[in-house]
Every structure is written in structure tokens, then in C-alpha cells.
1. Test of understanding: in a Gaussian network model of the chain with alpha carbons linked when under 10 Å, which of 122, 109, 31 would top the mean-square fluctuation ranking?
2. Does anyone have the angle between helix 136-145 and the longest principal axis of the chain? Alpha-carbon axes, 0 to 90°, nearest 10?
3. Going by how many other beta carbons lie within 10 Å of each one, how would you line up 16, 47, 5, fewest first?
4. If each of residue 166 and residue 26 carries a label point 7 Å out from its Cα toward its Cβ, how far apart are those two points in nm?
5. List 57, 113 from most exposed to least, where exposure is judged by having the fewest other Cβ atoms within 10 Å.
6. Each residue of region 35-51 in order: what ³J(HN,Hα) in whole Hz does its phi give by Karplus 6.51 cos²θ - 1.76 cosθ + 1.60, θ = phi - 60°, with x for Gly and Pro?
7. Need one number: nm distance between label points at residue 12 and residue 76, each 7 Å from Cα along Cα→Cβ, rounded to one decimal.
8. Which cross-chain or sequence-distant (5 or more) residues have an amide H under 5 Å from the amide H of residue 18, H modelled 1.01 Å from N in plane?
Amino acid sequence: MPEEIFDVCDANDRVIGQAPRSDVHARRLLHRAVHIFVLNTRGELLIHKRSATKDEYPLCYTSSASGHLGAGETYDEAAPRELEEELGLTTPIEYLASFRGGPELAMEHTALYRTVTDAPLHPDPGEIAEVEFLPVDAIVERVRATPDCFTPPFRVLLAWYAENCQRGAP
């Protein structure tokens, strides 16, 4: 299978070129990613433990679904694709916010989306070792207690979500 090609971006998320995944990661070039928070109707957030074979942050907990944009792909195209590939879900998603790439976000300009569903999950075992629904506050406490068990991008996104969407928001 050929290596994925990513858009390489500048600090303002403008595409300045393309490069293979391995080169983008090795050289820590700015590129693009999406994260999707899946909540059930009880308001619990799905987190997953990354598989042991992942090249970055293996066996760490992260967003419900996430992934890179391929070259030429938009955030709005990538988010539902990643949700279906990783969890087998085809449910409407809502855009929440964008974040500028930097070291704390693994050099990824990131768009965060959310969906609410009780549909059955079909996690991809090549991507996901385990899944768990928990109240957002419980996840925030776990991150405080054991931050190294969670990917740095997830820690940033969860903190933003807890501050901006958890309190009195749907």
C-alpha cells in the first residue's frame, strides 16, 4: 500500500506543499488533522486507547475518532471519513472549533467536531485497542491524574471542550 501524502501547511494553515506521512512526521512539518468527539445520549464522551502498532502515541487514550487529512482533502471531508473508518459510524457531525498547529497538537492544524449517537460501534482493531464512554468530568480527572496516558492533542482539545462546551451547552 502506498504511503499517505499530506498537505504541508504554514503557520496560518495555508497549503505550501505535499510530502509523505513519514517525512511530515520525521521533520515535524505542520499538517492537518480532524478529531471527532462522540457522545452518547447520556452525555458521556467516548475515548479510545490507540493500538500498540500506531506510530505516534501507541497505547495512549485519545479522541473518539481522529486522523490526518490526505492531500487536497478538506476538514469537512476528512471528519466523516475518519468517523466511519475508525468506529463504523455514519452519523451527522457538528463542527466545533479549529486549533492552530504546534508542538502541543503534534504539529497538526486541527478541526474538532462532535456527534451524539447511541448507534453500535465497530472499532477498527488496527487503530483502536479499546473504547470507553465516560462523563467528561471523569475524563478530565483522569487526564489530571495521569496526563501521559493521553495524547497531547487530546489533552488540549478536552480542556477546550470542558471549558467551552460542557458547561450549559448541549
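1. Of the options given, 122 has the highest mean-square fluctuation.
2. So the inclination is approximately 70 degrees.
3. Ascending number of Cβ neighbours within 10 Å: 16, 5, 47.
4. 4.0
5. Lowest to highest Cβ neighbour count: 57, 113.
6. 10, 10, 8, 9, 10, 8, 6, 8, x, 7, 9, 7, 10, 9, 8, 5, 5
7. It works out to 2.2 nm between the two label points.
8. Distant-sequence amide H within range of residue 18: 8.
Read the figures in this text as sums done on the coordinates, not as results from a lab. The shown structure was predicted, so the numbers you read here are calculated from the model rather than taken from an experiment. Ideal geometry is used to build each Cβ from the backbone, glycine not excepted, and the neighbour counts take in all protein chains shown.
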